[in-house]
Structures are given as structure tokens and as C-alpha cells.
Amino acid sequence: MTAPGGLSAPLADVLALSAQVWASVAAGQSLDRSLATRLPSGPSQLRAAVQDVSYGAVRRRALCERVIAELAARPPAADVRALLAVALAQLLAGRHAPHTVVDQAVAAARSHHATTRAAGFINAVLRNFLRQQPALVDRLQQLDEVRYNAPGWWIDAMRAAHPKQWRAVLESQQRAPALVVRVNRRRITVDDYLVRLAAEGVAATRVGQSAVWLHQPVPVARIPGFADGDVSVQDAGAQLAAEWLGVADGMRVLDACAAPGGKTAHLTELATLELTALEADAERARRIQENLDRIGATALIRVADGRTPAKWWDRRPFDRILLDAPCTASGIVSRHPDIPWLRREADVAHLATVQHELLEALWPLLGVGGRLLYVVCSVFPQEGSEQIARFIGRHPEAVPGPLPGGMPVRQLLPATGPAKAWDDLRSEPTLHDGFFYARLDKSR
Ligand SMILES: C[S@@+](CC[C@H](N)C(=O)[O-])C[C@H]1O[C@@H](n2cnc3c(N)ncnc32)[C@H](O)[C@@H]1O
């Protein structure tokens, strides 16, 4: 029996591996890191199938956990719970005949020491679930935690942050993420790229200045022009960072939190710069080089902490600073459904402190007349509007905005589609993740 999407990896193997991924995510590891450490690198059918099943399971995490809590007489051991969860998620996905999923989950249980004795229990819970579905699912879907697949504190924080739109934000984050590429305007115009896509039979819509949404997701390597560096995968809201930084040839620019280098690469496409890409995490910093190599661009990559510039700054002021600060990532949950589960409530305040420290440390590096663009992929005000209001209060020389559209700061709530076509009169894309932007100009 094969895995989802007609891929030929055996489903029992896929379920067993996906259960390992689930267990490590439940223990606090990110989904992408867990997949990377458990799967052989490079594209393979097994990899694609495990990724698909694991993402699907995390997208239904709250529902699967509630089902297990209702149907298991006692809380199962972690390995058994994980296998049950991914099997339940596959039953909910409806891609296989139910009896196939049950049989393959039992086979997966038998193939591993930690779960072999629970094979009968797994069989019983899954069959019991099939008897009670869909009434059980309908009832559990009434719970906000299940409907929005997030812990209670996260839902409360969203409600407090956006009293009118919190449901829309949480709902939009349940949808599959859009595949959006950034057209490298040094190499090809957006119009010409759209013509190329049409010629190759790829349905697409322009959704931003350089942003094109490909209606059907495809593996990155199969995106027309990706291998040659004509396009890069990047959300249209993220593309605003390089656009709104306002760079011109010859400027000295700091990309202060740069890995994996999506915005660094975009900056090199917009102007010829003296560009420093700073990143605290050495492993992540390697990906900046990979991204630049693919598009044939260069930057000075430095592995250092932005909060301690005395250790790395050469005392020549920057004309532009992009501070794409570490954050809760509450704006990109549709791409990373594990985020609400990995974060703890205290992380919001902790990350706001790191952002504050980065702002304070980097602001002195900006020359008079220069611009700092502060970005977070978050929709929580502690990391956005409140952070910047406090900074402006402490720094009268920091003049906010304006950003395109006229406002000094912009909170983009996720807009996951269906997308309207973009036109030049728009100041923001028609399809994007959640971001906060603030422009700060240095007056003296
Ligand atoms: C939101 S991500 C940046 C994404 C990147 N700008 C892009 O577009 O590809 C934030 C990055 O900041 C890095 N970071 C966190 N704390 C830092 C610090 N104190 N100094 C420099 N980089 C830091 C993280 O390791 C992470 O790679």
C-alpha cells in the first residue's frame, strides 16, 4: 500500500516515520527541523510522503489529540499516541480507504519495538473512531482549540490583539499556504515571466510588485526559472521588506537578521549595494550563501549577534538597516502550523525584549538621514505597534514613516486568498502572510 499522492513509499513506513516526527514536535522540536533530522536529504518519494503526512497531522493536531483523549481509556505512551495521531490524521484526510489506513497503522505498530505491543489497542481505537465519525468530529469542531488548531492562550492572545478580526485571522491560517515567487527583475520582467508560465501551462496571477502566485503547488525545483535564479520562493508580504527599505545603488546596507537570506537576496536584485548580511546562528547563516549563489549575487556575510555591534561593526554608518527581527511568527502559521504549539505564552514578552535590544543596539549604526525598516512576521502588537511606539518615545530623532499607503507603520493581517490580480495603484499585495512594518528615519 502506497503513501498519499500516488507516491510509492509504503504507507506503513510513512506512518511510522511521521509518528517519529509528530513525537518530536510534541516534545518541542520544530516540524521542519524534525523532518530534516529524520529524513535523508534530497528529494525522494519517502521524503515527500512523510512531509505530506506530517504536515497534515500537525494541521489537525488539536482534533487528533481530542479524539485520542475521548476514545482511549487511558492516556497512551508517547510513541503509541504519536502513531495513533498520524493515523487519525490520515483517516481525516480521506485519501485512502479507511481499512487501508487502519491496516497500515497496525503494520507500522508491529514493526517497531516501542509500539508492537500496542498494535491491538491502535486497531481498536481507529476502528472505534471510524464508527463514531463524523458525529464525534462535528462535536469536537465546536471547540475553538480544534477549529483553529491552536492552544487556548494563543486564541486568547489573538482575540485580545484583534477583537474584530481574530476569527478571520485564525481561519485564514488554517488554509493551505499559497506558493508565491519573487521575480528577479534584474533578469526578467514580471510580465515576461507570466508569459513564460502561460507557455508552460502554469496557471498564475501577479499578486504584488514582483510577486507571482502559482495556483498549483509544485516542488520548488520544478518551478520554472527557479534553478537559474530567475525567481525565488518568497511570500508577497515578505517581499515588501526590500521594496520598502528604499535602497539605491552604492548604499551601505545592513541586513541585521539575515538568515536564510530571502530578503538579502531580494536587496541584491533591487540595487548594487555594499551589503552586510548579519546572522547570529552559524548554521542558518550558511543558507544565506546558498541563496545568494543561486541568483549569482554576493554580500558580506557575518555570523555575529546584532545586539553587540562593538564586536563586529567597523564604525562606518549605514544608509539603510533592515531589522527583520526574531519573533513569534504568529503571522505565518498557514506555512508553519506547528508554531502555535511550539510557542509558550511567555515567549511573546521574551521575544519583545530581544527585539527591543536589537533596535537599541542597531539604531546608533544608522547615519543621519538614513532609514531603518523594522519587520516582524507577527500579528501580536507587543512585537509590532507597541514595540515601535515605545522606541519612538525613547528616541525623538526617530521619525516614523511614511510607508507606501501613507501610514508610518503597517500591520498586515494574513490574506490567504482567493487573490485578486495586483495593479500598480496598490500599495500592498493581494495575497500575503501576516507582517508588521515600521519605517524609522534618523533626523539627527
Ligand atoms: C525572521 S528571521 C530572518 C529571515 C530573513 N531576514 C529572511 O528574509 O530570509 C530572524 C533571524 O534572526 C536571527 N537572529 C536572532 N537573534 C539574532 C541576533 N541577536 N542577532 C542576529 N541575528 C539574530 C535568527 O537566527 C533568524 O535567522
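Read-outs: derived from the displayed coordinates by stated rules, not from any lab. Keep in mind that this is a model prediction, so the values were computed, not measured. Here the Cβ is made from the backbone with ideal geometry for all residues, glycine too, and neighbour counts use every protein chain on show.
Which of the trypsin sites (Lys or Arg not before Pro) found in segment 297-372 are loop residues per DSSP with 13 or fewer other Cβ atoms within 10 Å of their Cβ? Intermediate values should be presented prior to the final figure.
Numbers: sites: 302, 307, 311, 315, 320, 335, 343, 344, 371; in loops: 307, 315, 335, 343, 344.
Answer in residue order: 315, 344.
Kirkwood Rh, segment 52-196, all Cα pairs: how many Å?
Values: mean 1/r = 0.0569 Å⁻¹.
About 17.6 Å, per the Kirkwood formula over Cα pairs.
How much length, in nm to one decimal, is gained on full extension between residue 427 and residue 222, taken as 0.36 nm per residue of separation minus their Cα-Cα distance?
70.8 nm
Give me the number: length gained by fully extending residue 389 to residue 156, i.e. 0.36 nm times residue separation minus the C-alpha to C-alpha distance, one decimal in nm. Don't skip to the end; give the middle numbers.
On the way: separation 233, 0.36 × 233 = 83.88 nm, distance 2.30 nm.
The residue 389-residue 156 span can extend by a further 81.6 nm.
Scale the Cα Rg of the chain by the rule-of-thumb value 2.2 N^0.38 Å and send over the ratio, two decimals.
Numbers: Rg = 23.3 Å, N = 444, 2.2 N^0.38 = 22.3 Å.
Rounded to two decimals, the normalised Rg is 1.04.
With axes computed from alpha carbons, what is the tilt in degrees of helix 345-362 against the longest principal axis of the chain, rounded to the nearest 10 within 0 to 90?
Relative to the chain, helix 345-362 is tipped by roughly 20 degrees.
Just to be sure I understand the curve: with the Debye formula and one point per C-alpha of segment 105-162, what is log10 I(q)/I(0) at q = 0.13, 0.18, 0.20 Å⁻¹?
Log10 of I(q)/I(0), two decimals: -0.57, -0.75, -0.78.
In 5 Å bins starting at 0, how do the alpha-carbon pair distances of segment 365-409 split up by percent?
Bin by bin from 0 Å, the calculated values are 5, 18, 28, 30, 15, 4, 0.
Just flag the chymotrypsin sites (Phe, Trp or Tyr not before Pro) in segment 232-341 sitting in loop per DSSP whose Cβ has no more than 15 other Cβ atoms within 10 Å. Could the numbers behind the result be given before it?
Details: sites: 244, 312, 313, 318, 341; in loops: 312, 313.
Sparse-neighbourhood loop chymotrypsin sites (Phe, Trp or Tyr not before Pro): 312.
Please list, in chain and number order, the residues 5+ apart from residue 184 or on another chain whose amide H is under 5 Å from its amide H, with Hs placed from the backbone.
Distant-sequence amide H within range of residue 184: 231, 232.
Show which lysines lie in cross-link reach of residue 442 when reach means a straight Cα distance below 26 angstrom and same-chain residues fewer than eight apart are skipped.
263, 311
In the P(r) worked out for segment 148-257, what percent of Cα pairs fall beyond 24 Å?
Numbers: 2600 of 5995 pairs.
Summing the P(r) tail past 24 Å for segment 148-257 gives 43 percent.
How do 189, 264, 115 line up, fewest other C-beta atoms within 10 Å first?
On the way: 189 11, 264 28, 115 25.
Ordered from fewest to most neighbouring Cβ atoms within 10 Å, 189, 264, 115 come out as 189, 115, 264.
Compute the signed sum of charges (Lys and Arg +1, Asp and Glu -1) over the other residues within less than 12 Å, Cβ to Cβ, of residue 140.
Details: positive: 60, 66, 139, 147; negative: 65, 70, 138, 144, 145.
Around residue 140, the charge tally is -1.
Neighbouring Cβ atoms within 10 Å as the yardstick, rank 158, 407, 251 fewest first.
Values: 158 23, 407 15, 251 19.
Lowest to highest Cβ neighbour count: 407, 251, 158.
Counting only helical runs of four or more DSSP H residues, what would the 222 nm mean residue ellipticity of the chain come to if each run contributes -39,500 (n - 2.57) and the total is spread over all its residues? Walk me through the intermediate numbers first.
Numbers: 18 runs with 191 residues, N = 444.
The helix-only estimate for the chain comes to -13000 deg cm²/dmol at 222 nm.
Could you pull out every one of the lysines with an alpha carbon less than 30 Å from that of residue 164, ignoring same-chain neighbours closer than 8 positions?
The reachable lysines, counting only those whose Cα sits under 30 Å from residue 164, are 420.
Rg and Dmax of segment 181-324, using alpha carbons, in Å: what are they?
Just the Cα atoms of segment 181-324 yield Rg and Dmax of 15.8, 53 Å.
What do you get for Rg/Rh of segment 387-444 when both radii come from the Cα atoms and Rh is the Kirkwood radius?
On the way: Rg = 14.2 Å, Rh = 13.0 Å.
For segment 387-444, the value is 1.09.
Sorted from fewest to most neighbouring beta carbons within 10 Å, what does the list 374, 148 look like?
Sorted ascending by nearby Cβ count, the order is 148, 374.
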